[in-house]
Structures are given as structure tokens and as C-alpha cells.
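So the structure is just underneath, and the comments pick up after that.
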Ligand code: MSP
């Protein structure tokens, strides 16, 4: 990450006409992970979120509920605050557009723009959508209806104030062209450049009070209130106290916005023009994410909407929820949310990969103690240190681009490498041999180092689990990224056993559904495939199964454990030919009795025209290595 020490990050301010749901939570969670990451890197961070409380939508929702708009806004704004509290969001400020501190800055900016001749009064007639709170041009209208709501538009004619946005079109295009990552990812930059190929209209920034009372009065004409988007965008400035305030001067030059793709245009077009006209620097980056789609889930308790989706955090925990949404959605693209995919990731990545590593490492460290001399490090230990250093570098690069899914994949690549290191070094076997105490101590030291590394690196993403890991290794320091170095520890710390960090979720419901699906027809999803656990295994012994022509009884090593697997390959392989071979096996099959021998897994083989070949590797991998 480039050396930058000040960082200001904003989320959209959410409308108070709907309760917090998955979409709002996603944006706020990734903003939180980013803010935590930058704090971990030592940056001076300001993280803002809040609620957008003016406009027709809110006024109408309040009227339907039979309460005043303010009472309505108070209630839902509190619900957002509470949701973020429950999710462990670490925002520094929460702005509400009904607060005087915001209204003051909006009015000051309006007055300054009016004084500078940037705002004029004009008559306007057009087709208006009350849901969107905006006029639609003929080109945008679909079948005479609002393209968004598909409801009829109302033709209204009125005098309004306009912001001279059109005059900034040339400047804006040039700015976007000169700063390739001003709007990112690139697809959204291209979308805006495409939009800017047509002439840009001036922006109506007022609403007559005869039509809408619920807004900030224009300082120069109290027959009008401010258009809700003009009001809302200014929150990013007003929350810092506005121009002249020390906080504004410090943080504004480093502002980055984070939004969903639905509100690209106001942020990528109106907002830079407004800032330019007001003589304020424009933001450094507009980071745009895609949309969560719901549906298509097969689980009996499947989520059907964005509110139910957010409720999964209560069922499975905040860390698991955070992990899932960050790992599953490629930043900038849409993603599908389903409970099966959630549970699949929880079991595979959290319970298996991370949970097992932490349980194994802490059990070893707690069980085999800290005394004795530490032997010299070998290539395997050094490879772990290198994998951790490489992962940290790649996480940093990913976070620079808001690529949360990549950052997590890099950390998990390192977790995989360390799990294989445990399999390969076999600390349980080392512990049985007094002559290898020094080697055991070196492996334990490396594992303690890895645990400390994880306790830091996971903090932005899985804050609760990271804190538990740090506590287990007795790391009481405030986590800092520059301390995430494997190879730093000189002595083995006292470690407490930490198991069940992420308990496995019973996949019974998924299994029941799968059992009903006809076998061998149709395509399966990647999630269905990922439930088949394939691993590399080394054949350590092979013998014929008595009275069977076809079956061989194989003893295979998966690194940590040995298993018996019965394979129907006796007509094609002599037992001796198989010993020492690395094969591919399915490890999560139900046990099966074959000619009196219990088989715990299945060896993969291909066959055609009476020939059979067992799957082997074309380069070496340790037993236990995952196959996908
Ligand atoms: N009040 C405006 C924003 C003003 S910002 C100056 C607004 N509010 S909103 O409540 O509708 O929130 C929209 C934002 O919520 C999206 O930009 C996105 O961040 C998030 N999401 C809402 N639904 C979403 C999905 N289904 N998927 C992902 N995020 C979405 O617009």
C-alpha cells in the first residue's frame, strides 16, 4: 500500500424508509473491514456512516405510519445505529441529515453557490416519479412509465432552482480520463464515461414547499426545500464540520467513498460537479460494489429476502457473516446470497481450514510445552515464513483496490500452506522421539508465530476470532500490521488450547435435498461440488481382500491420519505396485462394508474399454493436500 497516513472513508447514508438489511450491512461491513485494516496499518482513519432522512419517500412512509417525519426518521435511524452496534462496526461518526450541524453546512454551500451565480431560477415542466423523487427525460422513460418503478409518471410544471451542472461536463470527462481509478472498478468508470457522451443537463436542486415540506429550506428562498440528493451528498462534508473545520482540513483531502452500483450517477456525476463549483477538492476514489441477489437457495430454511439474509448473522455469528459476504462477492460484481453457500463456506473455510489449524496448533503448543532448545529452521519452516510474508504483501495490494475476496483468498492460501506444514512435519510423531525435541520445538515456534500472524491479519475481517486467537497465544499488544511477521518469535510462548472457534454446521438439510436430486443428471453448482472432499493420499500398504477377485484393501496416509479404503482394482493392479503411490481419494464418504472390510473413503480411478487407471499426481504433493 502506498505510504498514506490519513484516510477518510464513507458509506452511503441510508434512507430511513426501510430497516437495515443485507445490502446496507454489506456496504457497512466492507467499509468497516477497510477502516480496521487501515488502522492496523497505522493510518489515521475517519470512518463515517449515517442516515438520509429528508425527501418525499420518507414523508410518504411517515404519513403511512401515521407519525411525523421526524419521529419516523428517529426510529429507523436508531435501528441502523443498533444494527451497526450489533455487527461490531467501528465507525467514528454517524451523521443524520436532520441534524443542525448538517443543515448548517448545506445552507452555507447553497448560499455560496447562489452568490457565485452557480444556481438560477427557471421554469420547468416534465415527467416526475414520486418514488424516485426526480424528473425523467423522454429518453429515459419506458412505455410512458418510470424505468425503475414501472409506475406512471406525473407531468408537473413548476419554477425551480437549478445548479449549472452542464458547464462542468468537459471538466468532469477530463478529470475521469486523467485519473483512471477515480471511479473503480473500471466497468463503472466506463459506464459514466458512456453516460457523459450525451449532453449533461443542469440539475434541479429545489422542491416547492407546496409539494414537499420535509427538507432543508433554501437559504435564499424559503418557498423551497433542497432536493434530497443535493442535501444528502453534502453529508460527507458536513460530518467533518465543513470547510474551515480542523477535522475537515485534515481528512477531506483523503476522502474515498464506498457505494453500491445503484447510486453511481449522483456520486460520479452530480457530486464531483457540486464540489468543483463549491471550490472544494473532489474525492480521490469512488469505490463501487455490485448487488446481492437472493433466491435460488434449496435449503428448507432458505432466505427469501434481504432482511432474512441479514438475520443469518444471529444464527451463525458476526464473524461468519462478515467472512461470507466478503469472500463470496467479487468487489464490483453482483453475487448470489443463499444459506447453503453460507453454510458451505462456514464449514469449509472457517470450521475446516481455519478452525482446524487453530485447534491443531494450539493443542500442540499447549500439550508439548515451551521448554527445550529450539533447533535450526529448515526449508519447510522458512517456506511457511515466506508464504506468510507473500500473503501479507498480496493482502495489502488487494485492500488497496477494495478486493476483499482476494485479500481473504490470500490469507486462506497461507492457512492451507500451514495446514500442509503440520501434516508434513508430523509434530505428534516428533514428540514421541526424545532425540527430535529440538525439531519439535522449532515446529512449535513456527506455529506460535503463525497464530500471532493470524491474530493480526484476521482482525479486519474476523475481529472476534482474531481477538480469541491473540488471547490464546497471550498476545496482549494492540494488533499492528507491521508485527505480522512469521519468523519473529525467539521463544515459544505459553499457549492455551483453542478449539471450536467455528463449530461445523450440521448440513442435514442440504443432505436431504441432495438425496432427492436424481443422480447423474443435470449440472451441479460449484458449492455442491465443493462438498466432496478430495485429498492426496499415500498408499502405505495394500493387500487382497480374502475371497474377492476385485477388491484390494489399501491403507492410505492423509498426513495426520491413516485410513483403510477398499478399492475395486485388484484385476488391474498388484498390491506391491500401489505401495508408495500418491493417489486421489474422497475422504468424506459415509463408511461402507465391502466383503467384511470397512472402507473409509474411496480411491479415484478412471476406466474405459476394460482398462482402469488410478489417479496419481504428475508432481509431488504431501499426503493430505486438498484436491479441487
Ligand atoms: N440515501 C441514498 C444514499 C445517499 S448517499 C449520499 C440511498 N440509500 S439506500 O438506503 O437506498 O441505500 C443504498 C445503498 O445500500 C446501496 O448503494 C448499497 O450500498 C446498499 N444496498 C442496498 N441494497 C443492496 C443490495 N441488494 N446489494 C448490495 N448493496 C445494496 O440510496
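Each reported figure results from applying straightforward, stated rules to the coordinates on display, with no laboratory input. In this text, all values refer to a predicted model and were calculated from it rather than measured experimentally. Because the Cβ atoms are built from the backbone with ideal geometry, glycine has one as well, and the counts that use them run over all protein chains shown.
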message: Going 7 Å from the Cα of residue 101 along its beta-carbon direction, which residues of the stretch 234-253 have the amide nitrogen within less than 17 Å of the resulting point?
response: 234-252
message: Could you tell me the calculated FRET efficiency between residue 330 and residue 90, based on Cβ-Cβ distance and R0 = 22 angstrom, to the nearest 0.05?
response: 0.35
task: May I ask you to derive the FRET efficiency for residue 123 and residue 523 from their Cβ-Cβ distance with R0 = 51 Å, giving the value to the nearest 0.05?
output: 0.30
task: Could you tell me what fraction of 2.2 N^0.38 Å the Cα radius of gyration of the chain comes to, as a two-decimal ratio?
output: 1.17
query: Stretch residue 132-residue 280 to full length: gain in nm at 0.36 nm per residue minus the Cα-Cα span?
result: 50.5 nm
message: How high is the relative contact order of the stretch 152-212? Use alpha-carbon pairs under 8 Å, at least six apart in sequence, and give a whole percent.
response: 55
- request: Could you tell me whether the stretch 406-478 comes out rounded, prolate or oblate from its Cα gyration tensor? Rule is a ≥ b ≥ c as square roots of the eigenvalues, rounded for a/c under 1.5, then prolate if a/b exceeds b/c, otherwise oblate.
  value: oblate
statement: Between residue 491 and residue 265, the two model label points (7 Å from Cα along the beta-carbon direction) sit apart by a distance in nm of 6.6
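Taking the square root of 5 times each eigenvalue of the Cα gyration tensor, what semi-axes in Å does the equivalent ellipsoid of the stretch 30-100 have, largest first? Please list the in-between numbers first.
On the way: eigenvalues 187, 27, 14 Å².
Equivalent ellipsoid semi-axes, largest first: 31, 12, 8 Å.
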field: Label point at residue 75 placed 7 Å out along Cα→Cβ; residues across the stretch 224-242 whose backbone nitrogen lies under 13 Å
entry: none
message: Could you check the spin-label model distance between residue 396 and residue 175? Points 7 Å from the Cα along Cα→Cβ, value in nm.
response: 3.1
message: Could you tell me the extents of the stretch 233-345's C-alpha atoms along the three principal axes, largest first, rounded to whole Å?
response: 56, 26, 20
task: Let me know the shape class of the stretch 117-202, please: from the alpha-carbon gyration tensor, a ≥ b ≥ c as square roots of the eigenvalues, rounded when a/c is under 1.5, otherwise prolate if a/b is greater than b/c, or oblate.
output: oblate
- prompt: What is the Cα coordinate range of the stretch 1-47 on the first, second and third principal axes, sorted by size from largest, in whole angstrom?
  reply: 40, 14, 13
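Take the Cβ-Cβ distance between residue 389 and residue 250 as r, set R0 to 25 Å, and report the resulting FRET efficiency rounded to the nearest 0.05.
Values: r = 33 Å, r/R0 = 1.31.
In this case the efficiency is close to 0.15.
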task: Treating the angle as unsigned and between 0 and 90°, give the value, to the nearest 10°, between the Cα long axis of helix 306-316 and the longest Cα principal axis of the chain.
output: 40
query: Considering only the chain, what is the antiparallel percent among its DSSP beta bridges, to the nearest 5?
result: 65
task: State the volume of the convex hull built on the alpha-carbon positions of the stretch 310-452, expressed per residue in Å³ and rounded to an integer.
output: 116
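Could you grab the relative contact order for the stretch 332-425? Cα pairs under 8 Å, six or more apart, rounded to a whole percent. Mind showing how you got there, number by number?
Numbers: 36 pairs, mean separation 31.4, N = 94.
Computed value for the stretch 332-425: 33 percent relative contact order.
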Rounded to 10°, Cα long-axis angle of helix 186-195 versus longest principal axis of the chain: 30
field: Coarse-grained scattering of the stretch 46-157 at q = 0.21 Å⁻¹, given as base-10 log I(q)/I(0) from a Debye sum over alpha-carbon atoms
entry: -1.12
query: Please state the relative contact order of the stretch 525-607 as a whole percent: Cα pairs under 8 Å, 6+ residues apart?
result: 31
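Against the 2.2 N^0.38 Å scaling, with N counting residues, where does the stretch 437-476 land? I'd like the Cα-based Rg ratio to two decimal places.
Details: Rg = 11.3 Å, N = 40, 2.2 N^0.38 = 8.9 Å.
So the stretch 437-476 has a normalised radius of gyration of 1.26.
Okay, helix-only estimate at 222 nm for the chain: each DSSP H run of n ≥ 4 adds -39500 (n - 2.57), divide by all residues, round to 500 deg cm²/dmol; what do you get?
On the way: 22 runs with 246 residues, N = 628.
Computed ellipticity for the chain at 222 nm equals -12000 deg cm²/dmol.
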query: Rounded, prolate or oblate: which one fits the stretch 161-262, using the alpha carbon gyration tensor with axes a ≥ b ≥ c (rounded when a/c is under 1.5, else prolate when a/b beats b/c, else oblate)?
result: oblate
Helix axis angle, 356-368 relative to the chain longest principal axis, alpha carbon, degrees: 60
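Report the gain in length on full extension from residue 376 to residue 532: 0.36 nm times residue separation, minus Cα-Cα distance, nm rounded to one decimal.
Values: separation 156, 0.36 × 156 = 56.16 nm, distance 3.89 nm.
Fully extending the segment from residue 376 to residue 532 adds 52.3 nm.
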query: So for the pair residue 116, residue 6, with labels modelled 7 Å out along Cα→Cβ, what separation do we get in nm?
result: 2.1
